[in-house]
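Take a look at the structure below.
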Amino acid sequence: MPVLTAETSTLLVVDLQERLMPAIAGADLVLANAGRLVRAATRFEVPVTTTEQDPAKLGPTVSPVSDLLPTPAVTKSTFAADLSFPSRVVVCGCEAHVCVLQTVLALRASGHDVAVVADAVGSRAEGNRDAAIARMRDHGVDVVTTEMVAFEWLGSSRHPAFREVQGLIK
């Protein structure tokens, strides 16, 4: 798949919720990278959509991320987010082997190009996360990192936001 561009991307943040995140392996890194992605998306005017799985049970999106979001989260009860996207979808969130996986597979089945951000997805067990990433890759999903996304959206060291993006990554 081609290099990501800000003009053709949408960022999808899946279920980073208060009662779920304490159980996620590496949750601090997942949340930090999701925050970096939301900041970069906002800077480059990439649309951001966030989902919450049964927020009455799992709580709202955690505040480090929710404070950055440009729009309220979409509530869902199915594992796969049944949403419509006009562009390439960059996905982060939890749980990698349930809601992220099923959403990504549904997007691929509907013909979307999808990139999953490996260092911004998590599961309770790392083995489940790793298996989900492998399965997504097997289904034609690009596996990328937060830094790859930010610098691909940036495109050039001559971009006026170069220093700002560098600051996000460090």
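Derivation of every value follows stated rules applied to the coordinates shown; laboratory data play no part. Note that this is a predicted model, so its numbers are computed, not measured. Cβ placement follows ideal geometry from the backbone for every residue including glycine, while neighbour counts extend to all protein chains displayed.
Using Cα pairs closer than 8 Å and at least 6 residues apart in sequence, work out the relative contact order for the chain, in percent.
Values: 310 pairs, mean separation 46.6, N = 170.
Worked out over the chain, it gives 27 percent.
Using a/c under 1.5 as the rounded threshold, could you call segment 103-167 rounded, prolate or oblate? The axes a ≥ b ≥ c are square roots of the C-alpha gyration tensor eigenvalues, and prolate needs a/b larger than b/c, oblate otherwise.
Numbers: a/c = 3.48, a/b = 1.72, b/c = 2.02.
Oblate, because a/c is 1.5 or more while a/b does not exceed b/c.
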Pick the calculated volume of the Cα convex hull per residue in Å³ for this structure from (i) 165; (ii) 99; (iii) 108? (ii)
Can you grab the distance from the C-alpha centre of segment 127-159 to the C-alpha centre of segment 5-29, Å, no decimals? 13
Measuring from label point to label point, each 7 Å out along Cα→Cβ, what is the residue 28 to residue 166 span in nm? 2.7
Projected area averaged over all directions for the convex hull of the alpha carbon atoms of segment 75-132, nm², comes out at 3.9
